[in-house]
Amino acid sequence: MSDKRYVFGGNNIIQLFLGNTSLNKSSKNSSTIARSAGVVSIAVMLSRLLGLVREQAFAALFGAGYAYDAFVVAFRIPNLLRDLFGEGALSAAFVTVFSDYDTNKTKEETWLLASNVLCVFVIGLSVLSLLGCAFAPTIVDLLAPGFAKEPGKTDLTVYMTRIMLFFLVFISLAAVVMGMLNTKGRFFVPALASSFFNLGSIIGGVSLAYILPRYGQEPIVGMAIGTLIGGFMQLSIQLPALRRIGFRFTPNINLKDPGLLRILRLMGPATIGLSAVQLNIFINTNFAASCAQGSVSWLNYAFRLVQLPIGIFGVALSIAMMPVLAKQAARKEIDEMKTTLISSLVMVFALTVPATAGLIFLSEEIIRLIFEHGVFTDHDTRATAATLSCYAVGLFAYSANKILVPAFYAIDQTRYPVIASFLAVGMNIFFITLTIDTFQHLAIALSTSITMLINFMFLISVLYLKIGGLDLRYLLNGFCKTVAGSLVLAIAVVGCKALMGDMMGGNVLQQLIGVLTTIVCAAALYCIVLHFLRLNEFTVLVRKVQSRLN
């Protein structure tokens with residue numbers, strides 16, 4: 001397969017920014033993905049930036065320690081259930097079945113399936129949330145036994161867990177609505193919805209954090225209630241768009257509906273696979289709770305920051321790609337699936353490999369600029385920056401896995417992501433056990449990166465066999481070019497830091513100028529290197545921009 005086949009990978013990104021719709025037939029699907037991913041990326045970037053503002057509020061108000069440790073663990077429990085039974089497994093399974101119905105069934109049958117899914121899951125997830133409230137003390141003791149050493153820490157965690165568990169209902173229904181909108185080609189509003197989660201969390205949470213102490217409540221409890229407000233806003237903001245595409249809710253509960261049963265069957269392997277992911281989180285939290293106070297907070301702040309490029313690049317492409325892959329699979333268009341996958345992976349590498357280098361070499365400066373305010377100390381900055389560097393090692397693999405997993409759903413081979421997840425659990429336990437005494441919380445972050453790399457190698461190897469090969473030569477060629485460009489970027493970052501050392505350690509404005517200047521200079525050099533290395537996607541972008549300017 002020649003490189004020319006993939007030139008559209010860059011050309012499609014051009015369509016997003018320049019509005020060129022004259023695509024040939026072979027590149028139509030990938031163009032749709034690139035345009036949709038670009039739209040999603042803009043919305044996700046806004047959401048992630050608001051997420052950083054939310055984390056800044058946490059850092060300024062609570063720092064890294066007692067209160068925020070308790071919040072992180074309390075929020076982790078509904079997040080765990082959300083991934084197991086809601087947003088993760090449900091979203092992937094629902095999009096697969098809903099796309100099939102949208103392609104092969106009548107409009108009435110398609111909307112009736114959606115209404116039935118909404119009704120069944122409202123009831124099921126509400127019951128699950130109530131059970132979580134009943135068993136919250138036991139779950140917290142299992143998740144963070146080290147909290148018992150601090151008086152009141154376990155009780156505070158249990159209290160916030162019970163408040164936030166019903167976030168599961170809102171966020172899972174939001175995922176179903178997002179699946180409907182994405183399948184119908186509506187990407188911006190669903191991606192923007194998570195921004196309203198962050199807005200609700202920030203405005204509602206911070207306001208309540210100041211108000212509730214007057215009534216004998218811990219300030220951090222206000223942030224827990226803000227999470228509920230944000231979840232409700234994330235669901236409600238999508239409902240007008242859902243109505244505009246023609247959906248009319250019909251109260252309907254049919255447990256024998258073939259579409260519902262198919263969704264549940266697809267959710268089975270997905271839930272088992274995600275349970276392995278959540279088991280990893282459980283293990284990591286358990287280890288972190290046994291480390292120095294603040295370890296849970298440092299890990300969470302760093303992971304939130306590394307989620308920015310993952311969300312903008314990996315998740316955005318995954319969301320845009322999933323409906324296209326599902327339709328290609330339904331039509332048995334295997335060659336088109338292969339092209340879609342390789343093009344998406346090259347785009348992910350070109351965006352995340354330099355992001356990895358930037359996060360590693362600018363970690364301390366970024367953390368200081370964003371978080372070192374209020375009660376967040378210099379010690380917290382250095383501990384969080386080291387953690388961020390360890391997480392960044394696996395950034396490209398984490399994002400690439402977001403592309404690979406939907407492909408297994410599309411070809412109905414869901415057991416392989418399950419196997420990969422349990423393989424990751426074993427490797428995670430093995431690595432952390434060997435290194436936790438020496439590296440403390442850093443062992444957890446580095447283990448996460450290593451398991452993501454192993455997951456990537458396993459998934460792409462199996463997918464290669466299952467769909468009759470992939471053009472790995474083109475993929476490796478693109479990866480090597482992005483690595484070469486990233487090495488130059490890293491050298492540029494180190495040089496800029498040396499030249500602007502005083503500015504990097506100055507006031508907030510000086511820090512901002514120093515960090516932004518470094519990022520712009522390094523990114524410019526990265527682009528120059530890609531131009532000389534003739535990375536197809538980048539070359540086409542430059543030519544199209546030049547043609548528009550002339």
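None of the figures in this text is laboratory data; all of them are computed from the coordinates on show. Quantities reported herein were computed from a predicted structural model and do not represent experimental measurements. So basically every Cβ, Gly included, is an ideal-geometry build from the backbone, and we count neighbours across all protein chains shown.
Dipole magnitude of the range 66-293 about its Cα centre, charges +1 at Lys/Arg Cβ and -1 at Asp/Glu Cβ only, in debye to the nearest 20? Please list the in-between numbers first.
Working: 16 positive and 12 negative charges, 106 e Å.
That gives a dipole near 500 debye.
Just name one of Ile237, Ile202, Ala148: the one whose Cα is farthest towards the positive end of the charge dipole of the range 133-257 (beta-carbon charges, Lys/Arg +1, Asp/Glu -1).
After comparing all options, I get Ile237.
Would you kindly derive the ³J(HN,Hα) couplings of the range 488-497 from the backbone phi angles with the Karplus curve 6.51 cos²θ - 1.76 cosθ + 1.60 (θ = phi - 60°), listing them in order in whole Hz, with x for Gly and Pro?
Here the 3J(HN,Hα) series is 5, 4, 4, 4, 5, 4, 4, x, 5, 4 Hz.
Say the dipole of the range 66-293 comes from +1 at the beta carbon of Lys and Arg and -1 at that of Asp and Glu; which of Leu264, Ile281, Gly185 then lies farthest toward its positive end?
Gly185
How high is the FRET efficiency from Ala523 to Leu476, r the C-beta distance, R0 25 Å, rounded to 0.05? Mind showing how you got there, number by number?
Numbers: r = 24 Å, r/R0 = 0.95.
For Ala523 and Leu476, the calculated efficiency is 0.60.
Quantify how much of the Cα-Cα distance distribution of the range 363-404 extends past 16 Å, in percent. If you can, show how the numbers build up before the last one.
On the way: 381 of 861 pairs.
When all Cα pairs of the range 363-404 are counted, 44 percent exceed 16 Å.
Subtracting the Cα-Cα distance from 0.36 nm times the residue separation, let me have the gained length for Phe422 to Leu533 in nm, one decimal. Can you show the working numbers first?
Details: separation 111, 0.36 × 111 = 39.96 nm, distance 3.88 nm.
Taking Phe422 through Leu533 to full extension adds about 36.1 nm, to one decimal.
List the residues whose amide H sits under 5 Å from the amide H of Gly506, counting only those 5 or more places along or on another chain, with H placed 1.01 Å from N in the peptide plane.
Residues meeting the criterion, in which the H sits 1.01 Å from N, are Gln511.
Kindly state, to the nearest 0.05, the FRET efficiency for Arg382 paired with Arg265, given R0 = 51 Å and r defined as their beta-carbon distance. Spell out each step's value before the answer.
Details: r = 49 Å, r/R0 = 0.96.
The computed FRET efficiency comes out at 0.55.
What FRET efficiency comes out for the pair Leu239/Val122, r = Cβ-Cβ distance, R0 = 22 Å, nearest 0.05?
Details: r = 14 Å, r/R0 = 0.64.
Here the calculated transfer efficiency is 0.95.
Running Debye on the range 66-293 with equal point scatterers at the Cα sites and no solvent, what base-10 log of I(q)/I(0) appears at q = 0.08, 0.13 Å⁻¹?
The Cα Debye sum returns log10 ratios of -0.32, -0.80.
Just to check I understand the Karplus step: with θ = phi - 60° and J = 6.51 cos²θ - 1.76 cosθ + 1.60, what whole-Hz values come out for the range 447-456, glycine and proline as x?
4, 4, 5, 5, 5, 5, 5, 5, 4, 4
What's the long-distance tail for the range 392-488, i.e. % of Cα pairs beyond 21 Å?
On the way: 1952 of 4656 pairs.
When every Cα pair of the range 392-488 is considered, 42 percent fall beyond 21 Å.
In nanometres, what is the gap between the two model label sites at Thr250 and Gln413, each 7 Å from Cα along Cα-to-Cβ?
3.7 nm
Ranked highest first by the average count of other Cβ atoms within 10 Å around their residues, in what order do 144-151, 515-522, 195-202 fall?
Answer by packing, highest mean first, reads 195-202, 515-522, 144-151.
Among 209-216, 293-300, 500-507, 108-115, what's the highest-first ranking by average C-beta atoms within 10 angstrom per residue? Don't jump to the answer; show the numbers that get you there.
Values: 209-216: 12.2, 293-300: 25.2, 500-507: 14.4, 108-115: 19.0.
Per-residue Cβ counts within 10 Å, averaged per peptide and sorted highest first, yield 293-300, 108-115, 500-507, 209-216.
Just to be sure I follow the rule: in the range 66-293, considering lysines 8 or more places apart or on different chains, how many pairs have Cα atoms under 30 Å apart? Mind dumping the intermediate values first?
On the way: Lys105/Lys184; Lys105/Lys256; Lys107/Lys184; Lys107/Lys256; Lys184/Lys256.
Going through the range 66-293 pair by pair, I get 5.
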